[in-house]
Structure formats: C-alpha cells, structure tokens
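Scroll down for the structure; my scribbles are underneath it.
The values are calculated or read from the model by the stated rules, or taken from the named source; none is laboratory data. It should be emphasised that the depicted structure is a prediction, and the values quoted were computed from it without experimental measurement. Quick reminder, even Gly has a Cβ in these numbers, built from the backbone with ideal geometry, and neighbours come from all protein chains shown. Heavy atoms of the whole protein, side chains included, go into the accessibility calculation; ligands, DNA and RNA do not. Shrake-Rupley method; radii C 1.70, N 1.55, O 1.52, S 1.80 Å.
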Amino acid sequence: MFLPIKNLLEGLDVDSIPLSRKRELDQLTNYVNESLNKHQKAQLTFICTHNSRRSHLCQIWAQIAARFYEITDVHCYSGGTETTALYPRVVKTLKKQGLEITKNNKKENPKYYIEYSEVMPPIKAFSKLFNHESNPTANFIAVMTCDHASENCPFVPGAEQRIALTYLDPKVSDGTPEQKAVYEERSIQIATEMKYVFSNVTTR
C-alpha cells in the first residue's frame, strides 16, 4: 500500500464516530463476517442516485480499508439509479490524499484507474447503473449511501441484504469557497467509517 495512504488510515480516529453511527456501520461489518464464512468472499455494492460522489468514495475507501487489514476476499462496487460521471472534485480530493489516478480520454463519463498499492490492481471508477454488468448480480449487500436512492430504490434485485448508510452530499458546496474543504471532509469521514467497519471484521 502506498505510504501516504497507509499513514492516512493509521491516523484516522474511529473513536470519533458516534455510538449511534457505529451501530449502523456494524450492519456492514456483520454482513462481511457472515459472507466470508458463507461464500468465502464478500461483495459490497454502494448505491447513490448519480454514482458520481458518495458511492464512489465508499467503494474506494471500503476496498482500501479491507486491504489495509489484509482482508483479501472483499470486493467493492458502486452504481446509481441514474448515470452521470465521476465528479472531478472527487478525483482531485483523492489525489491530494495520496491516491494515484489516471483516466481514459473519453469526454463523457470517463473511466478512472485509481491506484493505492504497488501490487494490487487499480480500482476502476466510472458512473454506471447499480445493475451494470460489471457489478455482481447475486450474493452481495446493497448499501444505500444517499436518502434519494434509498427512498426511490426500495428493492435491489439479487441483493442478499439492503441497508441505508447515508452521507451528506458534498455537492451542496459546489461553486462555493468551501467546496475543497467539504469534499476533503466527506472523504475523510467515509475513510474513517470504512476503517471502523473492517477493523471489526473477525474472519480473515
């Protein structure tokens, strides 16, 4: 794992997470433990409306946190109820936090290759529907990361379990002087919570 990413994760304080929020996160930890025991792998699909901000941040930090704790059989995905594109400020935020990111030359909805390790394959990030062919169709948990998707997508075909783990949308800061700080704050919040989730996984 790249040293800046390792150092960032080591410095995140999971004790700062409120107890009520930890109870929500424990649902995801429990699924990972159960799935590793039952299927020998755990598949997590994070879903928001446009698959442009929160669901990608969750997918990326969950995958990294699993590897940080050397939990190898965790596979993270993301999708939306609509498609747009990965928002550029998300990319800038992750780069600043130590990830190495390249993209193809496609102008609309480009595909990004996000690297966090010298040995692990990059995470491929682009906006897509939650039932896109690159996502699992069975034996996965659907994690709803925004209220709109949670309310308007009550049923996710193929999901063994569906939970709501919502985040405030950093989009509210777009076009304001606070945008940079808000995106960094949301990314760190998600990274901290994913660290908590995988720090409590007991099955390796």
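Among residues belonging to region 156-177 that are of a type in the set (A, V, I, L, M) and part of a loop (DSSP other than H, G, I, E, B), point out the one that is nearest to residue 93 (Cα to Cα).
Ranking the qualifying residues of region 156-177, first place goes to 168.
Within region 34-46, does at least one residue satisfy the condition of being assigned to a helix (DSSP H, G or I) and free of Cβ contacts under 8 Å to residues at least 24 places away in the same chain?
For region 34-46, residues assigned to a helix (DSSP H, G or I) and free of Cβ contacts under 8 Å to residues at least 24 places away in the same chain: present.
Just give me the residues in region 163-204 being exposed (fewer than 14 other Cβ atoms within 10 Å of the Cβ), polar (S, T, N, Q) and within 20 Å of residue 50 (Cβ to Cβ), in sequence order.
176 - this is the single residue of region 163-204 that is exposed (fewer than 14 other Cβ atoms within 10 Å of the Cβ), polar (S, T, N, Q) and within 20 Å of residue 50 (Cβ to Cβ).
List the pairs whose first member sits in region 62-85 and is more than 23 Å from residue 155 (Cβ to Cβ), whose second member is hydrophobic (A, V, I, L, M, F, W, C) and part of a strand (DSSP E or B), and whose Cβ atoms are under 6 Å apart, counting only residues at least 6 apart or on separate chains?
Matching pairs, first to second residue: 63/76; 63/123; 66/74; 74/42.
Can residue 45 be described as crowded, with 16+ Cβ neighbours inside 10 Å and at pLDDT below 95?
no
I need the full set of residues from region 21-31 which are crowded, with 20+ Cβ neighbours inside 10 Å and over 14 Å from the mean Cα position of the chain (by Cα), in order please.
Passing the criteria: only 31.
Please pick out the residue among 110, 122, 88, 136 that is without any contact (Cβ under 8 Å) to a residue 40 or more places away in the chain and open to solvent by less than 30 Å² (accessible area, probe 1.4 Å).
110 is the lone residue from the list that is without any contact (Cβ under 8 Å) to a residue 40 or more places away in the chain and open to solvent by less than 30 Å² (accessible area, probe 1.4 Å).
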